[in-house]
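Notes follow the structure.
Taken together, the values in this text are just the output of simple stated rules run on the coordinates, not laboratory data. All of these numbers come straight from a predicted model, not from anything done at the bench. No Cβ is skipped: glycine too gets one built from the backbone with ideal geometry, and neighbour counts run over all protein chains shown.
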């Protein structure tokens, strides 16, 4: 069952096409990673999902309702954390949390106190005095205090320290275990890898890759480091071998996942002494999509 | 104070002058310009002693004395008149200048962490405070000299050199006192907002105590530094020793600030900063509550301001008839209507001014909606279960109530003060009815703000232009003899000018209908457009 479904979503700001036929689906109970560099269209997509921007074309539905016309009904069941949290300088963090929770409806005092403690936030301070990280904590506490079915998190950890990032990850996992769905936009790939069941990669307003991490890994290369008694020959001629580098006694190279079998058969002839293999990371995948292309067609830049 | 404590003060003074190289001249030019223009225009408007004696009579009531202080009204020369009507208010402005500039270089820099960088260099612990106070003492002395010699150079008969120098010195000394007050609060408070707030509070309290003292008990005025300002009696008795008193107090304040700065930690203050509320009150937890809370201080200030404006207009009503008889320009502004006193003819013009002023706070309240949008804070509300209609409606309700309260307070102020000075005071109903007749025009201004926010948010500031246009054509229309349609373009031009015109319900009704229609279009637009930010 899909909680969020976006098809052929297009958004134009004047002549500039920020989104160009985006398709997305978040299923119930899954954490969906929405990754891409700054200016790729992540925030624009999310702001359309929140009914703050109106789509030029295409459909976006949450819980089967239209995000523009049924915004208020939908918002009763979602929690949103923006990447850049601007708060009212003369209200305290505690006041803002209460206001946010109340505006959605429902109030869980115990959960609120627990989260304030876990995120190590002082709610008696005015928002004026908060750093970026602390403002983000306010938004995160407000989001996780509420009993939402879908969490929309737009680069929520960009100002948090590693300790708080860990707390955040725990909160996301707890939400997932409770059967909630999460749309996590991020460019911190290690975080996405840790948390997400499926990811979608967006680039210049288009989704260029979607799927579960293991599916996507098929598209990537495995890193191998091999040490053999006899020098390996003929490696370069094989299909799917890249970036061969000599490191003292050993050779390091990358192999396309589908060619792995053939390559291992080939190198086993040279008496293997040591074999190290590193799984393909999301970063490799990400970089492969952006390398080279980045210089030619740089992104539009900036949050819209 | 050992030498190491103030090492490199001159370098830091240079830095302060460099950073304020635009600010200082702007303040000085502004203050001097008004100081020089006023006696010249007095010379123009009240050339003869007879005119000035009429003016002196208008001044002789408690409300005016509370506002500008006492003076020798029997010898009301241009010089005495300038010192009476301008010196105290200018001194308040000079005080404000010192507060804003000194707090910026002391607690302001400290709060932003710049002092920390300065202090990591080989400079003394007190160098920054010392440099700031030296620079602003110098600026105030410069102001005193420019004003002193400048006034003398105007070459007005009653403004001799001693009086002019004393006038300048009074302004300069007030500035130095408030530089000291601010330096002290910069040590006591932990934030620059606190420093500015407490210093301005001292300034206002000094003004109030002096006002109360001047009206009721002269000894009380001696408590307030601003009371000393009027005690100098520039161009009259020319009393110099209040200046010495001010300088003495300044030196005490400076040394107290130095002492406190020397014994405290960087970033710390002596007044404990009180922790804020951990929970929101029930009142805050809705869009309407949030907006009211955010506008609280501003709204209260405007409400007091409207009452004071009404009261100060009301306080001159008693002497208006005798005042107008000697003033040609005013006679020209008021198209003469048979059968009505000058006061009755002047009242509609006051009402237009008050109604236009009363439209400012509700339009500000409404425009807050777009301001919040641009600061990216509206998504916190719309991203939750708040519809756009509810959000805009909340602000509209606030603006509509705000406008009604503002115009009512101005009318009440006018009536209260009028009753105390007039021989045959107006009925409350008359004054209040006149003011409330303008309420539909205020509603139209609010609806224009709603329309622009909803449909053309980039042009939100056009509402201010429209309000300013209304002020210019209706207030000055009488002098320039403008065509009627020019005034009709403003909603305020359609309101019947009670009491000299009869009450007409048709324009009132149509203004209200227009306001409702424009508002509806604004709401439709707001529900359709993208949020910015």
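Figures for the structure shown
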quantity: Inter-chain Cβ neighbour average for residues A:45-57, partner chain, 10 Å; calculated: 3
quantity: Sequence ranges B:26-36, B:282-292, B:409-419, ranked by mean other-Cβ count within 10 angstrom, highest first; calculated: B:409-419, B:282-292, B:26-36
quantity: Nitroxide proxy distance, nm - points 7 Å out along Cα→Cβ at residue B:430 and residue A:110; calculated: 6.9
quantity: Rounded to 5, percent antiparallel among DSSP beta bridges of the protein assembly as shown; calculated: 70
quantity: Most mobile listed residue (A:73, A:258, A:276) in chain A, GNM with C-alpha springs under 10 Å; calculated: A:276
quantity: Per-residue mean of C-beta atoms belonging to partner chains within 10 Å, peptide B:381-392; calculated: 6
quantity: Over the protein assembly as shown: helical MRE at 222 nm, DSSP H runs n ≥ 4 each giving -39500 (n - 2.57), nearest 500; calculated: -18000 deg cm²/dmol
quantity: Gaussian network model of chain A, Cα within-10 Å springs - most flexible of A:135, A:288, A:112; calculated: A:288
quantity: Residues A:15, B:374, sorted so that the one with the fewest Cβ neighbours within 10 Å comes first; calculated: A:15, B:374
quantity: Cα-based Rg of segment A:221-279 normalised by 2.2 N^0.38 Å, two decimals; calculated: 0.98
quantity: Förster-model FRET efficiency, 45 Å R0, residue B:216 and residue B:160, C-beta, rounded to 0.05; calculated: 0.85
quantity: Burial ordering of B:65, B:521, fewest other beta-carbon atoms within 10 Å first; calculated: B:521, B:65
quantity: Coordinate range along principal axes, alpha carbons of chain B, Å, largest first; calculated: 78, 68, 37
quantity: Relative frequency of Cα-Cα separations exceeding 43 Å in the protein assembly as shown, percent; calculated: 50
quantity: Inter-label distance, nm, simple model (7 Å from Cα along the C-beta direction), residue B:44/residue A:237; calculated: 10.1
quantity: Among A:62-71, B:433-442, B:297-306, the order from most to least packed when residues are scored by Cβ within 10 Å on average; calculated: B:433-442, A:62-71, B:297-306
quantity: Burial order of peptide ranges B:165-172, B:248-255, A:52-59 (average beta-carbon count within 10 Å, highest first); calculated: B:165-172, A:52-59, B:248-255
quantity: Cβ-based exposure ranking for B:529, B:19, A:104, in which fewest neighbours within 10 Å come first; calculated: B:19, B:529, A:104
quantity: Other protein chain Cβ atoms within 10 Å, averaged over every residue that makes up A:93-100; calculated: 6
quantity: Residues of segment A:118-143 with amide N under 16 Å of the 7 Å Cα→Cβ point at residue A:174; calculated: A:118-121, A:137-143
quantity: Coordinate range along principal axes, alpha carbons of segment B:283-526, Å, largest first; calculated: 63, 37, 28
quantity: Chain A: mean projected area of Cα convex hull, nm²; calculated: 18.9
quantity: Highest-MSF residue in chain A out of A:175, A:278, A:18 [GNM, Cα springs under 10 Å]; calculated: A:278
quantity: Rh (Kirkwood; distinct C-alpha pairs) - segment B:3-263, Å; calculated: 19.0
quantity: Distance in nm between pseudo-label sites at residue A:193 and residue B:121 (7 Å out along the Cβ direction from Cα); calculated: 4.6
quantity: Residues residue B:53 and residue B:500, FRET efficiency given R0 of 25 Å [Cβ-Cβ distance, rounded to 0.05]; calculated: 0.25
quantity: C-alpha center-to-center spacing [segment A:70-133, segment B:57-135] in angstrom; calculated: 41
